[in-house]
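Where a number appears in this text, it was derived from the coordinates with a stated rule and is not lab data. Not measured: the values here are computed from a predicted model. Cβ sites come from the backbone with ideal geometry, for glycine too, and all protein chains shown count toward neighbours.
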Amino acid sequence: MKLAVIGLGHTGLVVAAVLAEIGHQVHGFDIESGKRSRISRGHSPFYEPDLDSLIARGLATGRLVISRTLDEAQADAEVVFLAVGTPAANGDAPNLAEFWSAAGQVVPLLLPHAVLAIKSTLPVGTTDELIARFKAQWPDAPPVVNVPEFLRQGTAVADFLRPERVIFGSHSPAALNVMRVVYEPFKLSSETIHECRPVEAELIKHAANCFLAARISYANELANLCGRLGADYEIVRHGLAADSRIGSSFLNAGLGFGGSCFPKDLAALIKTARDAGSPFTLLEATLAANRAQVHRVVALADEMVGGLSGRKVLQLGLTYKAGTDDTRGSRALELAFLLIREGAELTCHDPAYIPTEVGSDQLFTIADDPVSAASRMDLVLIATDWPEFIDLPWSKIVGSMRSARLLDGRNLLDPTEMTAAGFTYRGIGR
């Protein structure tokens, strides 16, 4: 099929590259010319494992084309995926200005029987609002399907190639039939595809992220309690995970959840619930706990070094999670700024960090080599769960530090091994 993907960010580019990989003819467009140019040369503008090779293969086969204009991208497209950003705004609801602008340009260009597939994450009720707006202007407005994305940065390509579930939210049976054809090459079982109305598709997306966020805050609150009671949270966590009703996912203690999705979706569903007269107090508590967690880690660091002012700290990790260069909503980056505010002399290392915050590279030193950077440090603090940090030569690092203190903010390392190596070790709830 001839498809178009409008918006080539972390979601749209993966969607475009994978749909081309499975055999569709895909034209992608993004308003940023620099981004289009980079992708046209076979390179993703952000770090995502396996994506560059997928883009290069799509370009070489001609199944992936990066268009210069919106008109060119949509020409003859049977389905147009709208995947523009809906960034957080005012800590409350997402900013939909880019979405409404893009939708207003896309809809008039659609073929009479084309389908508009929404990949942007929208507040509950927005898809129906879009349908109503455009039907008022164009009686023959195209059918719309909300197709929420469940891609995890760092594994986005694999997630889209082998989805656990696909949600189609639409009022149009014809549009649902078209989307089944689009996804047919994935060879999905009937249990994998869930068809519903747009409002339910939007709720599924938000409810999934909010449930996972709640698990993370629960894990962190429990880990904090373990620390107070002298229990080892990792032992408690393994005991919890052995219960098949609970499982092991999203129970790791750390700095809290970040990124561009969880905080925004949590705030959006909280607002939706309030507006509907049904406050979601559990999610309000989840958000409050998450905001407090990074401050608890700062307090722990301050306690370990007897006051952060003037202390030399090496922070390992700035991106919000391993496997990505994304710092949007990063608790690790927030931690860095809080440490500086407390007077620490901060050096940071991250395998994929690219400075995006204005002036951030002037607030702390970026080190390419964490081993040499540890020399004369008062504290090493692990802030992102990069597996590379597990294999660092810790026995060499401990000997070069001014004071061998290690705060494992992601519980990556074995406390017994680190203590044997000579560190004063603290983890989250350990």
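Each 5 Å bin from zero up to the one holding the largest Cα-Cα distance in the range 209-427 carries the following percent of pairs: 1, 7, 14, 18, 19, 17, 11, 6, 3, 1, 1, 0. Counting only Cβ charges, +1 for Lys and Arg and -1 for Asp and Glu, the dipole size of the range 2-196 around its Cα centre is about 360 debye. Residues Y320, Y47 in ascending order of nearby Cβ atoms (within 10 Å, fewest first): Y47, Y320.
Taken along its three principal axes, the alpha carbon spread of the range 2-196 comes to 43, 38, 38 Å, from the longest extent down to the shortest.
Computed from Cα positions, the angle between helix 126-137 and the longest principal axis of the chain comes to roughly 30 degrees. If you wrap the range 241-366 in the convex hull of its Cα atoms and look at it from every side, the mean projected area works out to 10.0 nm². Look at the dipole of the chain built from charges on Cβ: of L240, L225, L318, the Cα furthest out on the positive end belongs to L225.
Fewest neighbouring Cβ atoms within 10 Å first, the residues S170, S260 line up as S260, S170. Taking the longest Cα principal axis of the chain as reference, the axis of helix 281-305 is set at about 30 degrees. Farthest towards the positive end of the charge dipole of the chain, among the residues A132, N252, I55, is the Cα of N252, using unit charges on the Cβ of Lys, Arg, Asp and Glu. Structure remark: mean-square fluctuation, Gaussian network model of the chain, C-alpha springs under 10 Å; the largest value among A336, A136, A89 belongs to A136.
Grouping the Cα pair distances of the range 34-97 into 5 Å bins from zero gives a pair-distance distribution of 3, 14, 17, 20, 20, 13, 8, 4, 1 percent in increasing distance order. Computed over the Cα atoms of the chain, pair by distinct pair, the Kirkwood hydrodynamic radius stands at 23.2 angstrom. Could you give the distance between the Cα centres of the range 25-56 and the range 256-321, to the whole Å? Taking the Cα centre of each part, the range 25-56 and the range 256-321 sit 32 Å apart. This model, with +1 at the C-beta of Lys and Arg and -1 at the C-beta of Asp and Glu, gives the range 298-430 a dipole about its Cα centre of some 400 debye. Selection among L8, P393, L308 by position relative to the dipole of the chain gives L308 as farthest towards the positive end (Cβ unit charges, Cα centre). Convex hull over the Cα atoms of the range 167-251, averaged projected area in nm²? Average of the hull's projected areas for the range 167-251 equals 7.3 nm². Dipole size of the chain about its Cα centre, with +1 on Lys/Arg Cβ and -1 on Asp/Glu Cβ: approximately 260 debye, rounded to the nearest 20. Dividing the helix sum by the residues of the chain, where each DSSP H run of 4 or more adds -39500 (n - 2.57), gives a mean residue ellipticity at 222 nm of -13000 deg cm²/dmol. Footprinting exposure proxy ranking of S403, S44, fewest other C-beta atoms within 10 angstrom first, gives S403, S44.
Oblate is the label for the range 244-302, because a/c, from the alpha-carbon gyration tensor with a ≥ b ≥ c as root eigenvalues, is 1.5 or above and a/b does not exceed b/c. Beyond 18 Å in Cα-Cα separation lie the following of the pairs K205/K264; K119/K205; K135/K271; K119/K264: K135/K271.
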